[in-house]
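Contents: one structure, followed by commentary.
Only the coordinates and a few stated rules stand behind these numbers; no lab work does. Source: prediction; values computed, not measured. With ideal geometry, Cβ positions are generated from the backbone for all residues, glycine too; neighbour counts draw on all protein chains shown.
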Amino acid sequence: MHERRFHGEVERLRSPERLVLLETERVVDTCLEGITARKVLDIGVGSGIFAEAFAARGLEVTGIDVNPRMIEVAQRFVPQGHFQVAAAESLPYPENTFDLVFLGHVLHEADDAFKTLSEARRVARLRVVVLEWPYRQEELGPPLAHRITPDNVTALALQAGFLHCEEIALAHMALFRLTATSKERDDE
């Protein structure tokens, strides 16, 4: 299990070169566009890059990761956050706990991508956002064989019960905004 999980140095996750590729502020803006969110769950929180950005916007941040070391690092960067070791396929939260659920570079690493999206949908009140590496061979990021195609993300999202999957092209990443329930449309 967890064969595709990140096993490199934490410092690499926060390298200036990688931070430029992530477009953190644009991603957070796109996640929050059109909804009123107070609570966010960052699945696969890693070193806390996005958790830190959400917290800076005043959101109550919760994060999970299977790697205890990542939880320690995220807690250091977001001391007010709530972090715990947990798997994306089995979230330890009740239904509709979070307004927004964010998966940053997680779906391609999941042992069961369908179960991961199903769990994200279960705990999301308004929206789930998936940030992934584009499906092309690049020097940075995972090998092409570990990446996930946009069609696969859309198919998995619809199978998991999402009403809509919108792909948003970023300069270096692929972002998918998933409508979890009709409440998002009512909130807009």
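What is the Cα centroid distance between segment 46-101 and segment 107-155, reported in whole angstrom? The distance from the Cα centre of segment 46-101 to that of segment 107-155 comes to 18 Å. Label-to-label distance for residue 155 and residue 69 is 3.5 nm, based on points extended 7 Å past Cα in the beta-carbon direction. Electrostatic tally near residue 144: other residues with Cβ closer than 9 Å to its Cβ, Lys and Arg +1, Asp and Glu -1, net +1.
Mean projection of the Cα convex hull over all viewing directions, computed for segment 21-187: 8.6 nm². If the Kirkwood radius is taken over C-alpha pairs of segment 90-134, then at 20 °C and 1.002 mPa s the Stokes-Einstein diffusion coefficient equals 202 µm²/s. Remark: the residue 25-residue 146 segment gains 41.0 nm on full extension, using 0.36 nm per residue and subtracting the alpha carbon distance.
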